[in-house]
Amino acid sequence: MSSISMETAGQTAAPLAATAAAESPMRAIFRRFLHVVVPLVTLAVVLLVWQWYVTVYEVPRYILPGPTEVIRAFVADYPMLFSALWVTLSITFSALALALAGGVFVAIAFAQSPWLERIFYPYAVVLQVTPIVAIAPLLIIYAPSTHAVLLMCAFLVAFFPILSNMTQGLKSTDHNLLNLFDIYNATAWQRLRYVKLPGALPYFATGLRIGGGLALIGSVVAEFTAGSAGTESGLAFRILEAGRRLNVPRLFAALLLITATGVTIFFLTSFISHLLLRRWHESALTREN
């Protein structure tokens, strides 16, 4: 009975294995095509319904402009909007770079010295849970310039996710590998370089993706709170300015530019994550069935 059951199970598993075989190249291309086309078609439908609504019901442009009016405002004001975008991007990427350097360095210090983690990690948590709009007024008093306030606010928002993920990654190293290195009398630097840091790369990639988006959010929220004007104004100031002047099409155009920037940052950080993990980590490998 046992051999008959095994033969029956093998015969049943054969068609399942054939079904789970690698999909054909044309089917893979079609699946990827659908992944791109379906969101674009959905977006087109939403824009058409939006334009139809404001046209049929004659909604005033200062309440809800149509997509065509937003596009016209974007084209008319693009020198101002892209100048503000450059300011926002400079703050965002500067804060992200500082958060990456600081988060990785502090996480390594915590991994090498548990006492440092016990002493300073609670203060990092306090900074994370304190709303940035509550910290910004204090920074305005003590910081040398408004640009420094915006940079510090964006840094504080992006710092903790990178620190938290990197610390968790360094602490999640396989203990069997650490024991093997101890057997061969490896130094702390060798364990860090050859075992802990490579094992923490997936956590670092996660922190990078989260920190990239939060750096942009932090820079925008900080500008709403701290404020800046003139040539140093970013997209958040342009949104406030357009709202005060009831120039709602320009407000939508600036908001659209911020959204596109956030999506671009997400895809950029995801691509960097893929480059870091594509050759060895399960999350970046393509299954064969």
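The values are calculated or read from the model by the stated rules, or taken from the named source; none is laboratory data. Keep in mind it's a predicted model, so treat the numbers as computed, not measured. Note that we place each Cβ from the backbone using ideal geometry, even for glycine, and neighbour counts take in every protein chain shown.
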Exercise. Before we move on, is Ile210 closer than 20 Å to Ser270 by Cβ, surrounded by fewer than 19 Cβ atoms within 10 Å (Cβ to Cβ) and not basic (Lys, Arg)?
Worked result: yes
Problem set entry | Flag for Leu235 being under 15 Å from the mean Cα position of the chain (by Cα), within 30 Å of Asp77 (Cα to Cα) and among the hydrophobic types (A, V, I, L, M, F, W, C) | no
Exercise. When the range 60-73 is examined, which residues are found to be among the hydrophobic types (A, V, I, L, M, F, W, C), surrounded by 14 or more Cβ atoms within 10 Å (Cβ to Cβ) and either outside the structural domain of Ile217 (by TED's automatic domain parsing) or not in a helix (DSSP H, G or I) (or both)?
Worked result: Leu64
For this session: Give Ala143, Ala111, Ala101, Ala84 a once-over and let me know the one that is surrounded by 13 or more Cβ atoms within 10 Å (Cβ to Cβ) and modelled with pLDDT of 90 or more.
Result: Ala84
Exercise. Trp52 passes all but one of (1) surrounded by 11 or more Cβ atoms within 10 Å (Cβ to Cβ); (2) under 30 Å from the mean Cα position of the chain (by Cα); (3) among the hydrophobic types (A, V, I, L, M, F, W, C); (4) in a helix (DSSP H, G or I); which number fails?
Worked result: (2)
Problem set entry | Residue ID - farthest from the chain's Cα centre (by Cα), chosen from residues in the range 156-195 that are in contact (Cβ under 8 Å) with a residue 40 or more places away in the chain and farther than 22 Å from Ala124 by Cα | Ala188
